[in-house]
Structure formats: C-alpha cells, structure tokens
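This report refers to the structure that appears directly beneath it.
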Amino acid sequence: MGKKKLSFNDLQNSSTPKKTLGWFFLVVTCIKVLLFPSYRSTDFEVHRNWLAITHSLPLSQWYFDETSPWTLDYPPFFAYFERFLSILAYQVDPQIVHLQEGLNYSSNKVVFFQRATIILSDLSLLYGVYRLTQKLDLRMQKLIWSLVIWSPMLLIVDHVHFQYNGFLIGILLISLSYLEEGRDLLGGFVFAVLLCFKHLFAVAAPVYFIYLLRHYCWGGIVRGFSRLLIMGGLVATVFAFAFGPFFHLGQIQQVIQRLFPFGRGLCHAYWAPNFWVFYIMSDKGLAFILRKLGFNIQIPAASFTAGLVGDASPFAVLPRITPSMTFIMVLLALSPCLFKAWKNPRPQMITRWIAYAYTCGFLFGWHVHEKASLHFVIPLAFVAAQTREDAKHYFLLSIVSCYSLFPLLFEAQEYPIKVLLLLLHFILMRSGFSAQFYNRDETRATSGHTKKTVDQFESEGSLSVDVKNNGFVIGLIERIYLAGLVVVEIWGQFLHPLLFGDKLAFMPLMLISVYCALGIMYSWIWQLRSIVKSH
C-alpha cells in the first residue's frame, strides 16, 4: 500500500491544537480576572506573608520567623519562588513585602498582584496538559482540556479561595508526560523538583520509586547499577540545590519540623471526605450507645465537631490514631498498585497509578485538607477519555470532589459562583463524553466491530453498568447518589438554618463530609479494582 499524502488541510490543522489550547486558556483567564474581587481565604495572607519573609529577612531566618501565625511551611523551592515573586511585588507596592506593616494588607494592588501571579504560574499547567495530550486526536484533546483547563475545582481553590495548585499540578503533569514517553530520567528529575516545591506530593513517591527501578534501572547488574546511580545522583542534586543552604546553616531539623507539623491532629478543621470521617462517626456513635447503656464514657476535652485544629486526635471509644498508623495504612492501600508497577511497568498506566496513589493518601493520610482531592481528580481527567467506564467514574468523582469544596466559599456572594461553576462542569462533561463515545462507536462500527462487543469490552470491572447505544449515561446507583448531593445541599443551605437556627452549626459541614466520603470511597474501590484487573 502507498503512503497517504498530506493534504493542505492536514498541514493547516497541524498547528490547530496549540491555537485551540491557547483559546481554552484565554477564556478561563478572563473568568479568573472577573473573580479578582471575590472572597479570599487566610491562604491569601499566608502567601503575602511568605513574600514578606523571603524579601525582608535573610535566608537563615526564613524558617524561624514567627512575626505572623502563618509561618513558612513549604519546601525551599517554593520559598525561592516566593522570593522571586517578592522582587516583582516590591516594584508594585513596597508595603506588600514589609514584614510588619504588611500584615493583613489587602489593598487592590496586592489583591491584583497575587491573583495575577496565580494566573501566570498556571502556564506550567498549560504546558503539562499540552505535553500529555499532544499525541491524541483533536476531539479527545478538547475533551481533556475542558476537564482540566476549565476545572471548577481549580477555579474555586486557586482563583477564589487562593492557592497555587495549578502551578504545582502542572509540574506533576510534565513529569507524567515524560514517563509516558519513556523518558524516565527526565520524569524522575521533574518529580524531584516537584517534591522540593511541595512535599505533600511525596505520597506518590513509592509508585515512582518502584516504577523507575523496574522500568529504568532493571536489566543486568552493570546496567542496572549504573542507571540507579544516575537516577539517584540526579535526584540528590535536586534536593541538594533545595535543602543544601539550610543544611550548611545547620537548620535542617527546623525545616523538617515546619514541613511536618504532626501536632495538628488527624483531621483538618473541616473534615476532608475520607476514611477518617467514618472512623470518627463510629467513635461518636459507639460512645452515644454505650452512655445510653449506662457505661461511664468520658467525652474528650477536644471535639472534632468544634471545627478547630487541635494538638491531638481525641476518641472516646476507638483507639487513638497516630501519624505512623496512617502512614502504614497508605502503604497497605498502595501495595496492589506497587505490585502491578513492579510486575509490568507500562508507561501508559503510570498516570492511572499516580492518581490512585494520591487517592490513597487522601483517604488514609494524616491531617488531610479537602483541597488535596485535586491531586487525583486532575490526573484522572486524562484517563477519563479512554473508555466509557473511565468516563462514568470520572463524571461522578469530579462532581463529588467539586461539591466537597463548597464549604471553602461560605460567603453569600460566592454562592451563585460555585453553583454555576459546578453546573457548567456537569453540562460540559455530559456533552463532551456523549460526543466522545458516540463518535467512537460510529468509528468502530465502520471498522467491523459490533456495538455489543465494544460495550462488553469496556464494561469489564465496572461497579454499575448502564450504557445507551447513542452516547453516555451513568448508572442508576450513581444517579441516585448524585441526586443525594442536591438533598444534602438543600438541607444545609436552607432547611437546617430554618429548623435549627444557629444550633448545631457544624452539622451541615459534617453531613457534606460524610456524604462526599461515600463517593470518594466508591472511587477508591473502583480504581483499585480497575488496577487489579488490568493486564
């Protein structure tokens, strides 16, 4: 057969993906700018204070300063990043980086400057998305871009609440793109850089270690040992650049204490929707029953439902949980994935494995923030377009995870924003997945594959199957569960204040955490089953 000749349209369309991705980014940038005046959390002052610390103090005092309660607790590369931004901030308004006079400074200049830095830093996300999708067809690219670049979770957390998750997740995606291309050395290097920006991404380090050891280093004593030295030396060099100055100053112990403040307790003030929600509720339920039966059960002085971050993890009946116990649970949950990565280290599976690792860390980790769900929801967007079952899983997971972030924006003026963002995301996913799998079915039909065979193949390992011939629809159980989110929201937003007033103020938050935890646990089981059954 002769080679297919490239037409003028083919040559013209070769530059289309970059232009289209640019338009995606431009549209969402306009939305981000419109969100400038919206609510800002304490994280806004946290990062402003870090600008002041890194600009006003010598490096030797960065991890010791306590002028503000929002002390520096990110790894050195992020501190260097803040130092770079502080140079620009000083040109905009010197008060932004003043250690004393800048406390709680909130002029329009500082608001616009800091929000603009998040938009610009999102270029790493843009590049990571481009690299991970550059070999896909344009229809699938647009689907993934809409899920990631227009992610309502990133808009809520970064561009309203205020953080730099898009910047950091972009670095993760760049690392994953190199691994999928088989460029393991670069993938490991970029991941090491990411860890020196934010250490909480280390949850996926065991998967990286096993995968790179098996895929890059394995293959004979000489070859394996030399490659292990190369990879180890590269990672050590990255950490030397990050932590070397503090090691030289004899401050490593202080830096480590800042990075890992285990005294904060098992749960964050607003419970992340993970496994520990069920553990806490079980403890409270058992304590209530035993007190009714006449047992003398002491109620701990610190209360989970007070919404405060304590120095301990108080339980009335069940054993107290320690950081080491959560570490062991995360490793146990990871073990099937580590086994698969060792047995058959396939580059096309690495994104799925890394997403699963962050799901395990979210479910079983110590003092997990609800915002950490971004670490697995964003990577899973690249998996979602592969099969109809992956899409169904992602559809439910992304809605539940986004809804779990609603309590972050608790002021009335932001309520329409978060509801509208989630509804638009729902519509985009529904239409995008329908178009993706309807067109795929047409293509397969013309290739001689029967629709029945395709559906049977894609439904293997599913927890709930309900697929129509002409598009995308989730199962009955998932539809009922998502309808329950509406009930939870109506209760917390309208009925609870009407019936209870200011009493039991934490109950709506608790209900959101518990209900969303069911969805996240469903996702974990689905991912685990999918990984175990993969070949």
Cα-based Rg / Dmax (Å) for the range 44-186: 17.5, 53
Local electrostatic count at F112 - Lys and Arg +1, Asp and Glu -1, tallied over other residues with Cβ under 13 Å: +4
Förster radius 51 Å - calculated FRET efficiency between I230 and Q100 (Cβ-Cβ, nearest 0.05): 0.60
Rounded if a/c under 1.5, otherwise prolate or oblate - the range 228-373, Cα gyration tensor axes: oblate
Coordinate range along principal axes, alpha carbons of the chain, Å, largest first: 75, 60, 53
Counting all C-alpha pairs of the range 199-309, share separated by more than 21 Å (%): 64 percent
Rounded percent of accessible protein surface that carbon and sulfur make up, the range 225-302, 1.4 Å probe: 71 percent
Extension gain (nm, one decimal) between V27 and I87, 0.36 nm per residue minus Cα-Cα: 18.7 nm
Note, ³J(HN,Hα) from phi for the range 219-235, Karplus 6.51, -1.76, 1.60, rounded to Hz, x at Gly and Pro: x, x, 5, 5, 4, x, 5, 5, 5, 5, 5, 5, 5, x, x, 5, 5
The range 18-82 - percent of accessible surface contributed by carbon and sulfur, probe 1.4 Å: 67 percent
Cross-link pairs K198/K503; K19/K198; K32/K142 - those with Cα-Cα distance over 28 Å: K198/K503; K19/K198
Net +/- balance of residues flanking I512 in space, Cβ distance below 12 Å, scoring K and R +1, D and E -1: -2
Per residue value of the accessible surface for the chain (all protein chains in place, 1.4 Å probe), Å²: 46 Å²
Cut-off under 5 Å, modelled amide H: who pairs with V368 long-range: H268
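Output the relative contact order of the range 19-125, whole-number percent, from Cα pairs under 8 angstrom with separation of 6+ residues.
Once normalised by length, the contact order is 30 percent.
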Extension gain from H535 to Q257, taking 0.36 nm per residue of separation minus the Cα-Cα distance: 95.9 nm
For the range 255-264, Karplus couplings with θ = phi - 60° (6.51, -1.76, 1.60), whole Hz, Gly/Pro x: 4, 4, 5, 5, 6, 10, x, 5, x, 6
Within the chain, helix-based [θ] at 222 nm, where runs of 4 or more DSSP H residues each add -39,500 (n - 2.57), nearest 500: -20500 deg cm²/dmol
Calculated FRET value between R346 and Q134, using beta carbons and R₀ = 25 Å, to 0.05: 0.80
Hz values of 3J(HN,Hα) by residue in the range 488-504 - Karplus curve (6.51, -1.76, 1.60), Gly and Pro given as x: 4, 5, 5, 4, x, 8, 10, 6, 4, x, 5, 8, 10, x, 8, 6, 6
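Find the relative contact order for the chain and round it to a whole percent, using C-alpha pairs within less than 8 Å whose residues are 6+ positions apart. Before the final figure, lay out the partial values.
Details: 647 pairs, mean separation 82.1, N = 535.
Relative CO of the chain lands at 15 percent.
The values are calculated or read from the model by the stated rules, or taken from the named source; none is laboratory data. Not measured: the values here are computed from a predicted model. With ideal geometry, Cβ positions are generated from the backbone for all residues, glycine too; neighbour counts draw on all protein chains shown. Protein only, heavy atoms only, side chains kept; ligands, DNA and RNA dropped before computing areas. Shrake-Rupley method; radii C 1.70, N 1.55, O 1.52, S 1.80 Å.
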